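Bear in mind these aren't lab numbers, they're just calculated from the coordinates by the rules spelled out. Given the structure is predicted, the values throughout are model-derived calculations rather than measurements. A quick note on method: Cβ atoms are made from the backbone with ideal geometry, for glycine too, and the neighbour counts reach across all protein chains shown.
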Amino acid sequence: MTTAVAPNTPALTASDRCDRCGAQAYLRVELASGGELLFCAHHARQHGDALRSVAANVQDETHKLSSSPGNAPADER
């Protein structure tokens, strides 16, 4: 399994939802058999071992979860 993003793979957006619970997806798993699955970070961690066994490629954008500041700057409040 690789975590490199294919050049034609679009970034995940807020409209991409976890196939398990409907939360925002941060992980796209391209299956070796074809097709794809989307997961929130929680379910990606929960099912990580099983995903690795069937994945051809993984697009992991979980870094986006910690890249935004916890508080908005004063001029944005």
May I ask for the equivalent-ellipsoid semi-axes of the range 15-64, computed as the square root of five times each C-alpha gyration tensor eigenvalue and listed largest first in whole Å?
-> 16, 11, 10
Relative contact order of the range 15-64, pairs being alpha-carbon contacts under 8 Å that are 6 or more residues apart, as % | 39
In nm, spacing of pseudo-spin labels at ASP49 and HIS63 (7 Å Cα→C-beta vector) = 2.8
